[in-house]
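Take a look at the structure below.
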Amino acid sequence: MTLQRLAGLLVLALALSACGGQDTAAPPPPPQAVSADTVGHYCGMTLQDHAGPKGQIFVKGRAAPVWFSSIKQVFAYTLLPEEPKGLAAIYVNDMAAAGPDGAADLRVWVDARQAFYVIGSSFLGGMGAEDAMPFSDPARAQAFAQAHGGRVVRFADVPEDYVFAQ
């Protein structure tokens, strides 16, 4: 092999390594547990003081999640231009695991982008206003919508005017 060819291969190898070659994405962080001092990002109050499902968002480069006392707040965080956009994971409580009283099980989380949401129902969420209800099971979401009104949508289909409605 000539010296010129060897130099060319070395330059090619360096260029490929600078591009990252095969970039393997790290798995998303797992959901965290709600504790007595977990505080909502927008309201500044402890999550355990609010009814309804909660949310948590992991921003890339930060170990701790950003917490939310309502599901509409989770959507707002992803839509507002001033909030970070490098999101590693988004979790919401899975209302398919709610207790007989309809209370969210704060230990059961679902990937927010995979959930089915009932919007426009009669349910009042964590901030005392109508809120989206997340479900891992589309049949449970549909049953909730039939019982409490509203319609079932996916994460990407939640309308911005719904999220920011007063």
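A compact table of results
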{"item": "For Ser121: the one exception among (1) more than 17 Å from Val34 (Cα to Cα); (2) of a type in the set (Ser, Thr, Tyr); (3) out of contact with any helix residue (DSSP H, G or I) (no Cβ under 6 Å at 6 or more places or on another chain)", "result": "(3)"}
{"item": "Residue list for segment 27-53, restricted to those being small (Gly, Ala, Ser), loosely packed, with under 13 Cβ neighbours inside 10 Å and under 18 Å from Ala104 (Cβ atoms)", "result": "Ala33, Ser35, Ala36"}
{"item": "Answer from Val110, Val74, Val158, Val153 - the residue that is in contact with a helix residue (DSSP H, G or I) (Cβ under 7 Å, 6 or more places away or on another chain) and either among the aliphatic types (A, V, I, L, M) or without any contact (Cβ under 8 Å) to a residue 12 or more places away in the chain (or both)", "result": "Val158"}
{"item": "Members of segment 1-52 found to be at pLDDT 90 or above and β-branched (Val, Ile, Thr), listed by number", "result": "Val34, Thr38, Val39, Thr46"}
{"item": "Residue identified as closer than 20 Å to Gln48 by Cβ, in contact with a strand residue (DSSP E or B) (Cβ under 6 Å, 6 or more places away or on another chain) and in contact (Cβ under 8 Å) with a residue 60 or more places away in the chain among Met127, Met133", "result": "Met133"}
{"item": "Some residue of segment 150-160 being assigned to a helix (DSSP H, G or I), at pLDDT 95 or above and in contact with a strand residue (DSSP E or B) (Cβ under 9 Å, 6 or more places away or on another chain)", "result": "yes"}
{"item": "Among the residues listed as Gly120, Gly102, the single one being without any contact (Cβ under 8 Å) to a residue 12 or more places away in the chain and at positive phi", "result": "Gly102"}
{"item": "Set Lys60, Lys85: member being basic (Lys, Arg), in contact with a strand residue (DSSP E or B) (Cβ under 7 Å, 6 or more places away or on another chain) and modelled with pLDDT of 90 or more", "result": "Lys60"}
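The values are calculated or read from the model by the stated rules, or taken from the named source; none is laboratory data. Because the structure is predicted, anything quoted here is derived from the model rather than measured. FYI the Cβ positions are ideal-geometry reconstructions off the backbone, even for glycines, and counts take in every protein chain you see.
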